[in-house]
Amino acid sequence: MKTTSLKLSALAAGFILAGCGGGSSSTTTIPQTSKISGTVPGTLIEAFCEDGSYYKVKSTENNTDEHPFEIEVPRTLSCSLVMTTNEDSDTNKVVTQIGIITSDANGTLFTAASDIDLGHIPLAMDPSDINDANEDHVSDDILSIQVDGTSIEIEFENPLDDDNDGLVNVYEDDDDDGIINRDDNDDDGDGEVDVDNDLDDDGIDNENDVDDDNDGAPDNEDSDDDNDGIDDYLDSDDDNDGVDDEDSSNTTIDIILPTTYTANAGRLLGSQCAQCHGTNGVSSNDWDSIAGEADLVNEIYEDDEPIMSAQAHGYTSEEIILIGNWLKTLKTND
């Protein structure tokens, strides 16, 4: 993997001040996330973090070639950035792994201790403009950005990159067939269909995804797992893997209880929110509904929301982000 260097600058960020009540006293609350911003020529920006968490935003169209973006990542976690232009096109999309260069080190996994402005990133817009030996639309070169200052710490070992080529695993093409692992149902080329750990291709492992088939129904309420219009109770292949689950003509069904259960951490932590904001974030009283809330990390610390701010101090930054990610998946009654 080659490295292309781009000289840009970083900006430090201030603290968020939150009132603590009582006279004129106040306390300084350190933000739980860092904002990474800049401009790009129309792009999907993704952050893959070392604990398996995933964040994404799209740049904002502004009728220029420099679309602004801002993505929040935890200050306590190391993350890796990947940017995709023409992300909705199978023929013209270009995926670029972003690297960071500081005065001390360079690499694709970093921890941002404060907000960072990456300036304008001139990403390729056409597959013909990148080095791409296997034509999977993923650049073989890392686009490395020089960042001044000490607000970023580079990690030399990236657990998201098993072969240490600089590219995160989900965008690798392990069997070199021109299809990235994320989109390849046989990414090892053994002729057997892989078990799909990310059914809706949203970058979240099914075990941590509250709606892993992206049909709008939470998994624990979904009676049609493969979205074929047949209730799972009557469907002889309810996971759509081509193998009959059992003979659907049987009049009795053996129910095997699970020996293990993988809970969704965001949903469990967010159950506290239901006391004020209603089940699944849909309020039935004067409190605001928070289903679909897109900016929990900032709103939970607002000065005019003392109850929310008090609640925030009971969670770690990672827990607040998990709750926020879960709320984004919920639907309102609008």
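The values are calculated or read from the model by the stated rules, or taken from the named source; none is laboratory data. If you're wondering where the values come from, they're calculated on a predicted model, not measured in any experiment. Please note: Cβ atoms are built from the backbone with ideal geometry, for glycine as well, and neighbour counts cover all protein chains shown. Surface accessibility is based on the protein's heavy atoms, side chains included, excluding ligands, DNA and RNA. Shrake-Rupley method; radii C 1.70, N 1.55, O 1.52, S 1.80 Å.
Suppose we take every Cα in the stretch 38-145 and form the convex hull; what volume per residue is that in Å³?
Considering the Cα atoms of the stretch 38-145, their hull volume per residue is 112 Å³.
Give me the base-10 log of I(q)/I(0) for the stretch 100-186 at each q in 0.11, 0.14 Å⁻¹, Debye formula, one uniform scatterer per Cα, rounded to two decimals.
The Cα Debye sum returns log10 ratios of -0.38, -0.60.
Here is the link list: Lys56/Lys93; Lys35/Lys58; Lys58/Lys331; Lys35/Lys331; Lys35/Lys56. Which ones come out longer than 18 Å on Cα distance?
Lys58/Lys331; Lys35/Lys331
Under a 1.4 angstrom probe, counting protein chains only, how are Lys93, Lys331 ranked by accessible area, largest first?
Descending order: Lys331, Lys93.
Order 55-64, 269-278 from most to least packed using the mean count of other Cβ atoms within 10 Å.
In descending order of packing, they fall as 269-278, 55-64.
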